[in-house]
1. Tell me, yes or no, whether the range 77-86 has at least one residue that is touching a strand residue (DSSP E or B) at 6+ places or on another chain (Cβ under 8 Å) and more than 22 Å from His190 (Cα to Cα).
2. Select from the range 154-193 the residues that are at pLDDT 90 or above, assigned to a loop (DSSP other than H, G, I, E, B) and either surrounded by 18 or more Cβ atoms within 10 Å (Cβ to Cβ) or among the charged types (D, E, K, R) (or both) and list them in ascending order.
3. Could you grab the pairs with beta carbons closer than 9 Å, sequence gap of 6+ or different chains, first residue in the range 25-52 and under 19 Å from His72 (Cα atoms) and touching a residue at least 40 places away in the same chain (Cβ under 8 Å), second one of a type in the set (Lys, Arg) and assigned to a strand (DSSP E or B)?
4. Select, from Val55, Val78, the only residue that is buried (at least 23 other Cβ atoms within 10 Å of the Cβ) and either closer than 14 Å to Gly147 by Cβ or acidic (Asp, Glu) (or both).
5. Is there a residue in the range 136-153 that is aliphatic (A, V, I, L, M) and part of a loop (DSSP other than H, G, I, E, B)?
Amino acid sequence: MPVQEIVREIVIPAGVAGPDPMVMDVRCYAVAQPGGIVVIDTGMPDAESGIAEAVEALGGSFGDVRDIILTHLHMDHVGSLFAIAEQAPMAAIYAGGPDSPDIRAPRRVQGLGEGDYVQDLQIFATPGHTPGHVSVFHEGSGTLFIGDAAVSAEGGVERSPEAFTSDAARAEESLERIAALEPERMLFAHGAEIASPVQSLARLLGGPYGS
């Protein structure tokens, strides 16, 4: 399955996620699908040009984008939604049901639930980071777009920062579901793809937040 990754860096000020400033990357994706290109998350407000380049690398333009899936409602995932949706007028916009009413968009955001499909992409409800957080699975390639259900750092899987997690217990349950799914690939919204992600996630589970 052809996938193009868009990567931007942001700086989180001191005091937001800890005593020191934090530099982190923000990743969103353009995915080729049978019925047209799917954009998974739209990054920060300055991500439009990077998404355009990714769509072009798949051989298309914004006119070929048919679906926009938002893993959740945080600004680093919906920041360029207006810019992308306005240039991709044929694209339906989706987000997890509990998050969708709180996402500002130029047209209706359709709610997604467990087991729904957007083209060949299956939706898994993975709440905890936000109430409506979803992950997106392509069974044919074993690829899971994990959103902020977890992050990667230093070659391993880590929990998303507790400061940005609405319900740590539900987030842990979602990680256990993801581990049981055993995807061959995990593509993160924060952090690069790693080798053996399921094994790394299995090592992580059982450890507390902040460990």
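The values are calculated or read from the model by the stated rules, or taken from the named source; none is laboratory data. This is a predicted model, so every value here is computed, not measured. When we count neighbours, we look across all protein chains shown, and the Cβ atoms used for this are built from the backbone with ideal geometry, even at glycine.
1. Within the range 77-86, one or more residues are touching a strand residue (DSSP E or B) at 6+ places or on another chain (Cβ under 8 Å) and more than 22 Å from His190 (Cα to Cα).
2. Arg159, Ser160, Thr165, Asp167, Glu182, Pro183, Glu184, Ala189, His190, Gly191, Glu193
3. As it stands, the answer is Asp25/Arg8; Val26/Arg8; Arg27/Arg8; Cys28/Arg8; Val38/Arg66; Asp41/Arg27; Ala47/Arg8, since those pairs meet every condition given.
4. Working: Val55 fails: either closer than 14 Å to Gly147 by Cβ or acidic (Asp, Glu) (or both).
Matching residue, one of Val55, Val78: Val78.
5. From the range 136-153, those aliphatic (A, V, I, L, M) are 136, 144, 146, 149-151, 153; that's our starting set.
When the remaining residues are screened for being part of a loop (DSSP other than H, G, I, E, B), the result is 149-150.
Yes - at least one qualifying residue is present in the range 136-153.
Here is a yes/no grid of residues against (1) of a type in the set (Asp, Glu); (2) within 18 Å of Gly191 (Cβ to Cβ); (3) buried (at least 16 other Cβ atoms within 10 Å of the Cβ):
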position	(1), (2), (3)
Asp116	yes, no, yes
Asp120	yes, no, yes
Ile123	no, no, yes
His133	no, yes, yes
Ala149	no, yes, yes
